[in-house]
Amino acid sequence: MPLRVGVIGAGMIGQEHTRRLTTVVIGAEVVAVTDLAADRAGLLAAEAGARPHASGAEVVARPDVDAVLVTSWGPTHAEYVLAAVAAGKPVFCEKPLATDAADCLRILQAETAHGRRLVQVGFMRRYDDAYRRLKRLVDAGDIGAPLIVHCAHRNPTVPVSYTSEMAMLDTAIHEVDVLRWLLDEEIVSAQVLTPRPTRRRFDHLQDPQLMLFETSGGVRVDVEVFVNCQYGYDIRCEVVGETGVARLPDPARPAVRQDGREGVAVVTDWRERFGDAFDAEIQAWVDAASAGTATGPSAWDGYAATAVGDATVEALKTGETVPVDMEPRPSFYSGAQQ
Ligand code: NAD
Ligand code: ISE
């Protein structure tokens, strides 16, 4: 029997994941949908052949919902993840796991008390083929011990509602997760340098930002976040090791020679760049949830990213280097990660 999924949040990525569940992924069907906007829930439910519901609580409680997909706004995630864990149902939660470190810790406690993993957090880069190949190379010691990592996260533009804090909380949160996974070390401190802001967007926004992190093993990381770079969606990562340098390849695109010049088109949308990774991520979730558990980025990873996010936002406000305040990792969350 397919995994019967209840979707909480029928916005942009809720619609994408629902279509993924119904048309790409094997072994699942969407049976319930809810959203604060009832009309949006109704439309998506009709498209998926599911029943619309008035609340997330109703979706989690429905006996024929086997697993829950949380794609509502960040501040609502903790409530729904906790409800799913209390009901013993596997839950996929889009990033962030919670906007507050204390809420993340409540989720860790609830899952630990349950005794088996139920939570997967939506850090899809761990399923991206290029990142996976980069990790295999680093893990194999091909470039020696990593010493420095240079990253960039560039978006063409962002809406006026985007704030300077979101450069970390919405955008660089993916860099933080992938760095922890790639290096298998925690981030222990954060600093933010603020270059001259671009004049191409809003006065309220500090864009770009240069985030500097240090890991528990002494690796130094710089992350350029530039969300109004105009030219495309550009994700870069270069690991400098003791004996060599390994770099994330650009997405494979044909080079065109024409009119006396050669050019390669740049990806402009994150959905295109990480489309395959999203497919693989949701398939992995369905496979594990069908067995009553979860794999991949864990609640611990969600907590760690939120804790680093808190330090980075404070660093942006104060200009200081801020230590990351993180609880010790429970043994429940040790072991190989996706
Ligand atoms: P969105 O605003 O398009 O959709 C969010 C939806 O949640 C809205 O329809 C809203 O009405 C609904 N909602 C809000 N509160 C609710 C509640 N209490 N109960 C039910 N529904 C509620 O936003 P989005 O872009 O789809 O983002 C949703 C989440 O996904 C965010 O946490 C975001 O960070 C994350 N996201 C992740 C990625 C990724 O690359 N992994 C990409 C985009 C968004
Ligand atoms: C968005 O919220 C995401 O999560 C995307 O993956 C990210 O790359 C993009 O920059 C964010 O705005």
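Where a number appears in this text, it was derived from the coordinates with a stated rule and is not lab data. No experiment lies behind these values; they were computed from the predicted model shown. Quick reminder, even Gly has a Cβ in these numbers, built from the backbone with ideal geometry, and neighbours come from all protein chains shown.
Before moving on, here are some points about what is shown:
- Estimated translational diffusion coefficient (Stokes-Einstein, Kirkwood radius over Cα pairs, 4 °C, 1.567 mPa s) of the range 249-305: 88 µm² per second.
- Given +1 at the Cβ of Lys and Arg, -1 at the Cβ of Asp and Glu and no other charges, the dipole of the range 130-266 around its Cα centre is 560 debye to the nearest 20.
- Dipole size of the chain about its Cα centre, with +1 on Lys/Arg Cβ and -1 on Asp/Glu Cβ: approximately 540 debye, rounded to the nearest 20.
- Angle between the chain longest axis and helix 38-48 axis [Cα atoms, degrees, rounded to 10]: 90 degrees
- For the peptides 320-326, 41-47, the ranking by mean Cβ contacts within 10 Å, running from highest to lowest, is 41-47, 320-326.
- Alpha carbon centroid spacing (whole Å) that separates the range 131-156 from the range 191-210: 26 Å
- The long axis of helix 129-139 is offset from the longest Cα principal axis of the chain by roughly 70 degrees.
- Each of 72, 334 was scored by other Cβ atoms within 10 Å of its Cβ. Listed from fewest to most, they are 334, 72.
- Bridges between two residues of the chain, per DSSP, are antiparallel at a rate of about 55%.
- Additional length obtainable on full extension of the chain from residue 212 to residue 331, 0.36 nm per residue less Cα span: 40.0 nm
- Per-residue extension of 0.36 nm, minus the Cα-Cα distance of residue 23 and residue 36, leaves a gain of 2.2 nm for this segment.
- Mean Cβ count within 10 Å, highest first, over the residues of peptides 217-223, 148-154: 148-154, 217-223
- Here the residues 171, 71, ranked from fewest to most Cβ neighbours within 10 Å of their Cβ, fall in the order 171, 71.
- In terms of surrounding Cβ atoms within a 10 Å radius of their Cβ, 213, 278 rank from fewest to most as 278, 213.
- The chain, relative contact order in percent, only Cα pairs under 8 angstrom and at least six apart counted: 20 percent
- Between 0 and 90°, nearest 10: helix 173-183 axis offset from the chain longest Cα axis: 80 degrees
- The range 246-338, relative contact order [Cα under 8 Å, separation at least 6], %: 18 percent
- Ordering of 302-310, 62-70, 252-260 by packing is 302-310, 62-70, 252-260, highest average first (other Cβ atoms within 10 Å, averaged per residue).
- Secondary-structure-derived ellipticity at 222 nm for the chain, considering helices only, amounts to -10500 deg cm²/dmol, per-run term -39500 (n - 2.57) for DSSP H runs with n ≥ 4.
- Placing unit charges on the Cβ atoms only, positive for Lys and Arg and negative for Asp and Glu, gives the range 51-200 a dipole magnitude near 420 debye about its Cα centre.
- Extension gain, residue 243 to residue 87: 0.36 nm times the residue separation minus the Cα-Cα distance gives 51.2 nm.
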